[in-house]
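First comes the structure, then the notes that go with it.
The values are calculated or read from the model by the stated rules, or taken from the named source; none is laboratory data. These numbers were taken from a predicted model, which means no experiment stands behind them. All Cβ positions, even for glycine, are placed from backbone atoms using ideal geometry, and neighbour counts span all protein chains on display. Calculation scope for accessible area: heavy atoms of the full protein, side chains included, ligands and nucleic acids excluded. Shrake-Rupley method; radii C 1.70, N 1.55, O 1.52, S 1.80 Å.
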Amino acid sequence: MTMPGSTVERFQVMEYVRAFFTGRTALSSFGLLLIVSGAFGLFRRAEVVQAGGYNRETVGEDMELIVRLHRWARDQRRPYAIQYVIDPVCWTQVPDTWQGLRRQRDRWQRGLLESLWLHRRMLFNPRYGRIGMVAMPYHIFFEALAPALELGGLFLAVFLIVTERYDATFVVLFFLLAVGFGTLLSSSSHAIEVFLRHRLGRPRDRLLLLGYALLDNLGYRQWNLLIRLWASLTLVAKRGQWGGQQRRRIDQGAVTGPAQSEADPVRSR
């Protein structure tokens, strides 16, 4: 495998490496997984049908289905497992423009909020075990509310420095610590990728990935948080809006031009 050519796609490669090789692997190992991305999910059809199938009223149908399967199985008192498996090789086409990425992340945030709201009965409900007591609170405080909390902290730090109510050296050092920790997490995910059968082959691509692990925390992450915060604030006004995004048609491994938009039935995440 090789790194894509555009900056916007490279940032997404780094995000996917970090999310899949560390985040979802860890959540799955503790039985806390609340999302299997639509492009990568494999289900037992009978259970999905019994649980009600995909919900067409939300833009986050992949996450909503997983949360509902947890809820349905526990309501039925049925033994079950929803797991992330690291071995299969799957491919999805990511947005290749900043505008397309903005629309996608806006939709993801709204899908997250809609899924949590639709199943709010599970929150802190002992009936749903670790899903209600741990997974739901985690996704609320560390995912849904992350844009407001993190950006609020950044703006507060700047305000305190400008008004000379805080020591600038401490704030700068704390910021560098946060960036360093984030880079370490991303680099650790990259280290896991080295041991996979399908991996980046060229040393140049590995160095690029490490570079984007650092750049991810110096502007790109903050941009992403702003998009997600705006999505949260406009959730009600945009309810049910999927948005339009041109995708390129790939024929025998070659990109041949624009094909479908996200308004089409085939959706990938």
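Below is a table of values for the structure above.
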| quantity | calculated |
| --- | --- |
| FRET efficiency estimate (nearest 0.05) - Cβ-Cβ, residue 125 to residue 44, R0 25 angstrom | 0.50 |
| The chain: calculated mean residue ellipticity at 222 nm from DSSP helix runs of at least 4, using -39500 (n - 2.57) | -16000 deg cm²/dmol |
| Per-pair calculated FRET efficiency, R0 = 25 Å: residue 241 and residue 93 via Cβ, rounded to 0.05 | 0.75 |
| FRET efficiency for residue 159 and residue 16, using Cβ-Cβ distance with R0 set to 30 Å, rounded to 0.05 | 0.30 |
| Overall Cα dimensions of the chain - principal axes, largest extent first, Å | 58, 49, 39 |
| Summed side-chain charge close to residue 42 - residues other than residue 42 whose Cβ falls under 14 Å, Lys, Arg +1, Asp, Glu -1 | -1 |
| Relative contact order for the chain, counting Cα pairs under 8 Å that sit 6 or more residues apart, in percent | 27 percent |
| For segment 148-240: accessible area per residue (Å², 1.4 Å) | 66 Å² |
